[in-house]
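The values are calculated or read from the model by the stated rules, or taken from the named source; none is laboratory data. Nothing here was measured: the structure is a model prediction, and the numbers come from that model. Positions of Cβ are backbone-derived with ideal geometry, glycine not excepted, and every protein chain shown enters the neighbour counts. The protein model used for the area step is the full one, side chains on, heavy atoms only, and it has no ligands, DNA or RNA in it. Shrake-Rupley method; radii C 1.70, N 1.55, O 1.52, S 1.80 Å.
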Amino acid sequence: MAANTLRERSPLHVLTERSTSPLTGAAVIPFFDLPTLVANAPHAANPAIVEAIRTTLALYPLAIDGKNFNALSQLFTSNAIANYSEPLNILTPLSTIQSVLQSSLSAVTTQHAFATQLIDVLSPTSAFSVTYYTATHFERVPFLGLTVTAYGQYQDVWAKQSDASWKITHRNLVYMGPLIGNLTIFTFTG
């Protein structure tokens, strides 16, 4: 469907369109479509839901940077699908997400920083968020000051769980530019 066609539809149709979004598959939402697809839901967002999702999402940098990959179970459902783009591509279920992230980041330390963020509550049990990030990867040993920095966004689909927590069912990592730095830091095996 063309972006212009989607913009001409009613907000209720946009909500329906988002609920069947390609985000739940392997495709990402193009940057230029995000402003028209988010924050237009006819469902009144409960600030407590938004804050619960924001607080849960804040655990991601702590888990990744602290190399506590088991803690990702607090963010992702057990059957989550995460498209981390190349070179990691689509990972599922949670155990695969954990093990692949652990092995791919074993040669580096990281610092993830979140910036612009929008959380759109689609219904009492579903939500969508987009979060801009900067992820800096530091060479571990021998540290010669080499780094790699990634700029992008996480596009996440959330579902309310039976214990009233919120978890990611689907994630797309979208790079907003090339990786900047020396990629050889990921190959250290010492």
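Take the residues in the stretch 114-136 that are in contact (Cβ under 8 Å) with a residue 60 or more places away in the chain and polar (S, T, N, Q), then tell me which one is surrounded by the most Cβ atoms within 10 Å (Cβ to Cβ).
The residue in question is Ser129.
For the stretch 137-176, what are the residues that are open to solvent by less than 30 Å² (accessible area, probe 1.4 Å) and out of contact with any helix residue (DSSP H, G or I) (no Cβ under 7 Å at 6 or more places or on another chain)?
Hits for the stretch 137-176 are Thr149, Ala150, Gly152, Gln153, Tyr154, Asp156, Ala159, Ile168, Arg171, Leu173, Val174.
Could you please find all residues in the stretch 65-97 being within 26 Å of Ala164 (Cβ to Cβ), part of a strand (DSSP E or B) and open to solvent by 50 Å² or more (accessible area, probe 1.4 Å)?
Ser78, Asn79, Ile81
So which residues in the stretch 98-113 are under 24 Å from Thr147 (Cβ atoms), under 15 Å from the mean Cα position of the chain (by Cα) and buried (at least 16 other Cβ atoms within 10 Å of the Cβ), if there are any at all?
If the condition is that a residue be under 24 Å from Thr147 (Cβ atoms), under 15 Å from the mean Cα position of the chain (by Cα) and buried (at least 16 other Cβ atoms within 10 Å of the Cβ), then Leu101, His112 are the ones that fit.
At pLDDT below 95, aromatic (Phe, Trp, Tyr) and closer than 17 Å to Glu51 by Cα: which single residue out of Phe128, Phe114 fits that description?
Answer to the check: Phe128.
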